[in-house]
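The values are calculated or read from the model by the stated rules, or taken from the named source; none is laboratory data. None of the values given here were measured: they were computed from a predicted structure. So basically every Cβ, Gly included, is an ideal-geometry build from the backbone, and we count neighbours across all protein chains shown. Remember, those area values only see protein heavy atoms, side chains included, never the ligands or the DNA or RNA. Shrake-Rupley method; radii C 1.70, N 1.55, O 1.52, S 1.80 Å.
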Amino acid sequence: MSGINGRSGQSRRNFLLATASTTAAPVIARTLSADAAPLPSKIDPRDPISLALEINGREHRLSLDVRTTLLDALRERLGLTGAKKGCDHGQCGACTVLIDGRRVLSCLTLAASAQGRSITTIEGLAKPDAELHPMQQAFIDHDAFQCGYCTPGQILSAIGCVHEGHAESAAAIREYMSGNLCRCGAYPNIVAAMEQAKAMMITRKE
Ligand code: FES
Ligand code: FES
């Protein structure tokens with residue numbers, strides 16, 4: 001059978017393993033060196049690695065395949081299902097979370113690469129006394145959702161957008177939120193919610 005590069009004998013499985021080996025090895029090496037553990041002479045990308053992720057201010061220790069995405073680690077391993085898997089290809093924004101305050105697509109981010117950084121998911125936005133983040137409250141106030149599937153990603157992306165200084169006008173909000181798709185078409189309400197929340201976030205420095 002012809003393989004992915006057109007040469008016979010190159011199976012899809014071998015191609016994926018070779019690719020994973022190339023991309024995963026630096027991450028494995030960094031993980032191991034951080035713990036001052038000796039590097040094995042041969043690294044198998046299928047071996048699980050141990051890592052610690054700081055999510056919503058709490059440390060979680062995990063053992064997982066180095067190729068695991070942050071989205072799968074959150075949803076499948078930690079039960080944090082707020083981040084949604086829409087496309088799994090970086091095209092819809094439903095999986096958006098914040099890392100060190102900046103928005104990232106967790107479906108395109110290796111969990112191992114988020115080690116040592118501060119991850120925020122929708123589950124970590126409300127205060128311990130259940131007071132909602134201004135952006136969450138604004139989405140409710142403006143009915144900025146219908147089915148709600150895109151909403152966690154929209155809210156985290158909206159917070160990142162305000163922090164980046166890209167919410168100065170409705171046009172800027174539409175431009176810098178264009179990576180977050182909403183099949184229900186709640187866009188006008190999302191823009192209105194962001195304009196409300198932006199003022200409060202700036203006042204409260206959130
Ligand atoms: S699930 Fe990540 S961008 Fe769609
Ligand atoms: S509220 Fe349904 S996809 Fe956005």
Compute, for Arg204, the solvent-accessible surface of its heavy atoms (probe 1.4 Å) with the complete set of protein chains present, and express it in square angstrom to the nearest 10.
90
Send over the semi-axes of the range 35-125's equivalent ellipsoid, whole angstrom and largest first, taken as the square roots of 5 times the C-alpha gyration tensor eigenvalues.
23, 15, 11
When the Kirkwood radius is taken over all Cα pairs of the range 85-206, what Stokes-Einstein diffusion coefficient follows at 20 °C and 1.002 mPa s, in µm²/s?
149
As a test of understanding, state the convex hull volume per residue of the range 114-160 from its alpha carbons, in Å³.
87
Given labels modelled 7 Å from the Cα in the Cβ direction, how far is it in nm from Ser50 to Arg183?
4.2
How would His163, His133 line up by accessible area, probe 1.4 Å, largest first?
His163, His133
Quick one: accessible area per residue over the range 149-206, 1.4 Å probe, rounded to a whole number of Å²?
49
How many percent of the accessible area of the range 41-139 is carbon or sulfur, using a 1.4 Å probe?
46
Rounded to the nearest whole number, the per residue volume of the convex hull around the C-alpha atoms of the range 139-206 in Å³ is 74
Cα→Cβ-extended label distance, 7 Å offset, between Gln137 and His166, nm:
2.6
Hey, which aspartates and glutamates would be in cross-link range of Lys85, C-alpha to C-alpha under 14 Å, not counting anything within fewer than 8 residues on its own chain?
Asp72, Glu76
Taking only Cα atoms of the range 72-125, radius of gyration then Dmax in Å:
10.1, 27
Can you give me the distance in nm between label points at Gln91 and Lys205, each placed 7 Å from the Cα along the Cα-to-Cβ direction?
4.3
The range 64-104 accessible area per residue, 1.4 Å probe, protein heavy atoms, integer Å², reads 42
